[in-house]
Structure formats: structure tokens, C-alpha cells
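Here the structure is laid out as C-alpha cells; the discussion comes afterwards.
The values are calculated or read from the model by the stated rules, or taken from the named source; none is laboratory data. Every value quoted in this text rests on a predicted model; they were computed, and no experiment measured them. Don't worry about glycine lacking a Cβ; one is built from the backbone with ideal geometry, like all the others, and counts go over all protein chains shown. Areas reflect the complete protein model, heavy atoms only, side chains present, ligands, DNA and RNA absent. Shrake-Rupley method; radii C 1.70, N 1.55, O 1.52, S 1.80 Å.
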Amino acid sequence: MKKKLLTILQLFLIVLPVYPEQLDFNNFMSAALNNSYKLKTSQINIAISHHGVKEARAAYLPTISAYATTERYNDLTKGHAQITAVGNEILLNRSYYQDMAAVGLSYNIFDFGVRRKELDIAKADDKQKLIMLMKDTKDLKLDAVEIYADTLGLYKQSVINGEKLALQNELININKRLRTAGELSEVDLVDSEIIASETKSDLDEVKNNLAKKLTEISYYTNENYNIKDIELNDFPKDVSGVITDTEEPVKLSATFTEYIPEESVEAKVYDLEIFKKQEEYEIQKKANFPKIRFDTRYNFYGSDPHNFFYGLDDISQRSVTIRLSTSFTLFDGLKNINTIAKKKLEVEKVKIEKAQQLAELKKKYEQIQLDCQNAINQTENNSATLALVNKNLEMLKRLNTNGIAAKSECIKKQLELLDKKLKLEQNQIKNFTARYKMHILINTENQKL
């Protein structure tokens, strides 16, 4: 009985339909945003820059320190030497134990605005990292839509090529029968076999490229995909149906607002980088200026000539030190002059890099704008034509043909329609990609910090 139940269960599992794994653009984009190494790094950089601002603010607070020391001083002159002062140390003519503890406070009173500029640099870096996260998110979305579009295009091509190969093999069988009946030449038969062979080679190449593209998809989603068990869904019909960072989707029309490269996130990043470099240049110019510091120290000390512990007991003696000091470099071998020159050139370098980036951005945007304009003009007609092609293909599949010659012509028409269908499918993918890129660019530029 158990064997029968097990056999029935096995047969039931065998006949169960196996559904391919579904992959759509929204799920892919969501996984890419959640798993992106670059975005995670950008978020950590933001946290680091927050601490950098706090670190720069700490320079406005005094430094409090404490220390303690104990020592044994042995006089080797047996008391015959004179008391001598060497620097900050007094050398006595007797042996003793000495203990000391102190609490000190120091504060940078004046540094010609260096602290202020260091804090400004930290704040600029903090804001820059926030904008970098926006930029990295935008770049990720633009890369992701390209990758999904390429993968979807290859998937569509593999499906249609598979259908074409099946029809071409059927056509070869029909041509063999026509050749046997003397209604088709050997050349035409061989031509059909060559075409089928080329289609098979193309299909193998497309599947190989699709498998490689799926590894790129896996990089973004951290999921593994099997080319034999996956189905890629079409893009949404409207870009407003895809994942965005704003609640209100941007409505695209046949006209676009003028693009201003100076207001892009890339320009803002470079503006802050220029500001930081300029501040570093100003700081370096003041590197050798005098610095005024205030220091004070409260001392506890005691000593005993014979016993270490008695010296600790005698630590009740007190003293207070108050000091105002300044320091500056008179000559550093011309090091600072060259460092200043280097910092100034770094500012000029970043300005040129910004100009180059903005020129590239303008070129890229104009190309996307042209593609989007073309996509808006073509989308409606492309969709209507594709619907007609699909309708015609369905009618040809249901068509009952009389005779092998009529069947051959029907297959040839189907092959022509499949070529048209592939071209229209690829156009749809291209059109959506162009509109989505424009959608992302507009959304990113409209975001507020």
C-alpha cells in the first residue's frame, strides 16, 4: 500500500507543471538599489563625513589632560655639586624620591581663521557626500535600465529565433517532399537548410550572450539565474509605473525644459570640491603664521629623601602654571611656498575637470533627449503595429492550408512576420529605455537636498 501511495505521489509530482522563474524590471531595480555596493559605500561615506564635521568642531573646545609621574633621583656627587638648571629640569645635589601629578588645560586662542576653514571644508564634504549618494543612485538606475534592456532584448531574440528555427525545420521537411515530387529544385532545398543552420548558430550565440548578461543581472540582485528556467517580463507600458524616489512621477511630453548642466548633481559635486580645494589653499597660505595658545596646569607634588611611600604622602604640595605662548616657522627650506603653489594648481585642475564633465553631460543629455523625442513619436505607432503583427501570426497559426505548397507559403509569411516582430519588440525596448532615462534625469535634478 505504501509503495502504491509513493508511486502515485511521484507520478503526481512528475505531471505537475514547472513554472519558469519570473524576472521583471521593477523587482530587478528594487534588488539593485538594495544590494548595490556603491550605494552602501556612499551611505557609509555620509556617516564618515558627519563625524568629520564633529571632529572639526572639536577644535573650538579646549583640551584637558592629566598625567602623573614618580621617580628616584640619585646624586652621584655625594652632595658636592652645585644645584644646576638645564632647560626645564633642575638637578639637585642630593638623592630623593619625587612624585608629581597634574591636570592641564590648553586652548588655541588665535590661528588666523584656520579652524573656521577646516570646519567649512568638513561641512562642504558632508554636503558633497549627500549629493554623491544622489548621483550614484541616478547612475545606478541608468546602468540598470541599460542592462535590463540588453538582457530583455537578447531574451526576446532567443525566443523568436527558437520559433523561427522550428518553422524553418518544418519548412525543410516540406521542401524535401516538394523536391521528391519534383516541384522544388535541389538548390532551394539546400538554401532552406543553410538558413536553418545559420539561425541555429545565431540562436546559440544569442543564448550565450544572454547567459553572460544574466551574470550581470546576478551582480546587481545577488541571485543566480538559469537560462533554461527564466522568463523576462516586458518593461511597464509607462515610465510612471516604475520605481522612483519621488511620490509624484514626472509626466513626459513631446517638449522638454532646457537642460542646465550647471544645476546638475555632477556640477554641485564639483562646486563643493572646488570650494574644498580653495579652502585648503587658503589654509596652506597661513601654515607658517603665528599661532597663539593658552595653557594652564595645576600641579600636585611631593618628595622624600629616603622612602618612596613617604614621597607619595607628601604630595600635598600645590602649584599653578599659566602660560600664553606663540610659535611660528621662520624658514622651512621653501617647502610651504611649493605646497601653496601645488594647492593652487589643484584648484585649477578641478575647475578644468568640472568643465569637461559638464560638456560630457550636455552631450549625453542632448542624445537622451533626441532618443526620448523619437521614442514618444514612435511608441504609439510601434505598439499598434506590433499588435497587428501578433494578430496576423495567430491567424496564420490557425490557418488550415490545403497542400504542402500552401503550407510552405504560410510558413514563409510567419518567418517574415517574426522578423518584423523582433524588430518591433527591440524598438519598444529602446523607446522605453530612452523615456526612462529622461524620467530619471528630470527626477534627479528636481530633488532637493
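Ranking 345, 167 by solvent-accessible area of protein heavy atoms (1.4 Å probe, all protein chains present), from largest to smallest, gives 345, 167.
Output the pairs from 38/342; 129/213; 129/343; 156/237; 141/212 with a Cα-Cα distance over 27 Å in this structure; if there are none, say none. In this structure, 38/342; 129/213 lie more than 27 Å apart at Cα. Taking the Cβ of residue 352 as the centre, find all other residues whose Cβ is under 15 Å away and add up their charges (Lys, Arg: +1; Asp, Glu: -1). With Lys, Arg at +1 and Asp, Glu at -1, the net is -2. Each peptide among 207-220, 127-140 gets the average number of other Cβ atoms lying within 10 Å of its residues, and from highest to lowest they stand as 127-140, 207-220. Of all aspartates and glutamates in the structure, the ones whose alpha carbon falls short of 18 Å from that of residue 127, not counting any fewer than 8 places away in one chain, are 55, 118, 136, 262, 263, 266, 271, 273, 279, 280, 445.
In terms of accessible area, using a 1.4 Å probe and ignoring ligands and nucleic acids, 306, 50 rank largest first as 306, 50. With all protein chains in place and ligands, DNA and RNA left out, the 1.4 Å accessible area ranks 73, 37 as 37, 73, largest first. Backbone N atoms of region 317-361 closer than 18 Å to the 7 Å Cα→Cβ label point of residue 60 are not found in any residue. Here region 118-192 exposes an accessible surface that is 50 percent carbon and sulfur, computed with a 1.4 Å probe and the other protein chains kept in place.
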